[in-house]
Amino acid sequence: MKIAVITPTFNRPTLLVDCIGKLQKQTYKNWIMIIVDDGSKTNTKEYISDLIQNDNRLYFFKLNENYGCNYARNYALNTIYNHHSDIDYITFLDDDDYFKKDYFKNINSLFLEKGDKPWIVTKCIDKNNNPITKIKHYGDMNYIDYLSTLSMNGDATMMISKNAIGKVRFSYKIKNGLEWYFFLQIANKYKMFVVNIDSKVVDYQSNGLSQSKLPYNKQNLLKKYLPLYGYSYTEYLYKKNYSKYLSSKKYIYLIKMLIYKALYKIKFKGII
């Protein structure tokens, strides 16, 4: 199986060089990396020119201004769908992170080559091997369970088949953030399959991948978009409060949810 790695970058060429170098050490070699420079003021290409010339798996694109990492990821996705028909799976890697060297080999032999898991989720750790992804249940999981932190929280590595992503794209309205909306669209058709494998080392930086991000009200957007993909905001709140056994809110949301289900036949997934 061939894997495409999408990496947006902005004004961090030395981090990008290290990111590429670690990716090249993967024991599994059937991959490409789509690097999208989101309008850096530094000459990023100059830093990585030797790497690009010596490795035809590396593809570099420079945007003429800073559009935001969501736009950059969409640019990479469109590039894959328009020019790389041989790609089977797609994953995302920021320029300050890297994959453990056997990750591709392990995930391919366990799942990718079998082709029966379109969306595979694995764990992130920090550079001191402390867990970032905290998982309560493994195996099949609804994305809303992750979004509400019912079954998992923290950043995680997403390996998704190209067929499952299809025409789904990140929001162009928000420069940086709102990734949950991208995954929510995929969750309309596919479940996550969560595996107990450490895959990505994350080293958070104080300067992000974009110059700024537009403010947005997550509550209002959840109310708007969740029903489009078979969920309700009440279900989200119920699951978010599910582990709070003494919380009266949990039971209020449960009653509301059952009423909505009876009256409006809303499609509920997961634990009820």
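The values are calculated or read from the model by the stated rules, or taken from the named source; none is laboratory data. Since this is a predicted model, take the numbers as computed values, not measurements. We place every Cβ from the backbone using ideal geometry, glycine too, and count neighbours over all the protein chains shown.
Can you pull out every residue in region 142-173 that is at pLDDT below 95 and of a type in the set (Lys, Arg)?
If the condition is that a residue be at pLDDT below 95 and of a type in the set (Lys, Arg), then Lys173 is the only one that fits.
Can we say Val36 is surrounded by fewer than 18 Cβ atoms within 10 Å (Cβ to Cβ), hydrophobic (A, V, I, L, M, F, W, C), assigned by TED's automatic domain parsing to the domain that holds Lys127 and at pLDDT 95 or above?
Details: surrounded by fewer than 18 Cβ atoms within 10 Å (Cβ to Cβ): no; hydrophobic (A, V, I, L, M, F, W, C): yes; assigned by TED's automatic domain parsing to the domain that holds Lys127: yes; at pLDDT 95 or above: yes.
So Val36 fails the test.
When residues of region 1-32 are filtered for being among the aliphatic types (A, V, I, L, M), touching a residue at least 40 places away in the same chain (Cβ under 8 Å) and in contact with a helix residue (DSSP H, G or I) (Cβ under 8 Å, 6 or more places away or on another chain), how many remain? First the steps, then the outcome.
Taking region 1-32 first, the residues among the aliphatic types (A, V, I, L, M) are 1, 3-6, 15-17, 20, 23, 32.
Checking which are touching a residue at least 40 places away in the same chain (Cβ under 8 Å) leaves us with 1, 3-6, 15-16, 23, 32.
Cutting the leftovers down to in contact with a helix residue (DSSP H, G or I) (Cβ under 8 Å, 6 or more places away or on another chain) gives us 1, 3-6, 16.
Going through region 1-32 one residue at a time, the tally reaches 6.
Let's see how each residue does on (1) touching a Phe, Trp or Tyr at 6+ places or on another chain (Cβ under 8 Å); (2) hydroxyl-bearing (Ser, Thr, Tyr):
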| position | (1), (2) |
| --- | --- |
| Tyr81 | no, yes |
| Lys101 | no, no |
| Pro131 | no, no |
| Met141 | yes, no |
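Give region 50-84 a look and list any residue that's touching a residue at least 40 places away in the same chain (Cβ under 8 Å) and over 26 Å from Lys173 (Cβ atoms), or say none.
Residue satisfying the conditions is His84 alone.
Condition check ((1) crowded, with 19+ Cβ neighbours inside 10 Å; (2) more than 24 Å from Ile3 (Cβ to Cβ)) across all residues:
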residue	(1), (2)
Pro131	no, no
His137	no, yes
Asn142	yes, yes
Asp155	no, no
Ile160	yes, no
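Filter region 88-128 for residues that are free of Cβ contacts under 8 Å to residues at least 60 places away in the same chain and polar (S, T, N, Q); which is surrounded by the fewest Cβ atoms within 10 Å (Cβ to Cβ)?
Among them, the one singled out is Asn128.
Please determine whether any residue of region 189-207 is in contact with a Lys or Arg (Cβ under 9 Å, 6 or more places away or on another chain), part of a loop (DSSP other than H, G, I, E, B), surrounded by fewer than 18 Cβ atoms within 10 Å (Cβ to Cβ) and modelled with pLDDT under 80.
Yes, region 189-207 contains a residue that is in contact with a Lys or Arg (Cβ under 9 Å, 6 or more places away or on another chain), part of a loop (DSSP other than H, G, I, E, B), surrounded by fewer than 18 Cβ atoms within 10 Å (Cβ to Cβ) and modelled with pLDDT under 80.
Can you tell me which residues in region 151-188 are in contact with a Ser or Thr (Cβ under 9 Å, 6 or more places away or on another chain) and either in a loop (DSSP other than H, G, I, E, B) or not assigned by TED's automatic domain parsing to the domain that holds Pro8 (or both)?
Hits for region 151-188 are Gly154, Asp155, Lys175, Asn176, Gly177, Leu178.
In this structure, is Ser85 under 25 Å from Ile20 (Cβ atoms), surrounded by fewer than 16 Cβ atoms within 10 Å (Cβ to Cβ) and of a type outside the set (Lys, Arg)?
Criteria met by Ser85.
Return the residues of region 177-188 that are modelled with pLDDT of 85 or more and not β-branched (Val, Ile, Thr); say none if nothing qualifies. Spell out the reasoning first.
At the first step, the residues of region 177-188 found to be modelled with pLDDT of 85 or more are 178-188.
Residues satisfying the conditions are Leu178, Glu179, Trp180, Tyr181, Phe182, Phe183, Leu184, Gln185, Ala187, Asn188.
Picking from Lys224, Lys239, which residue would you name as being touching an Asp or Glu at 6+ places or on another chain (Cβ under 8 Å) and either at pLDDT below 65 or not assigned by TED's automatic domain parsing to the domain that holds Ala187 (or both)? Working first, answer last.
Values: Lys224 fails: touching an Asp or Glu at 6+ places or on another chain (Cβ under 8 Å).
Result of the check over Lys224, Lys239: Lys239.
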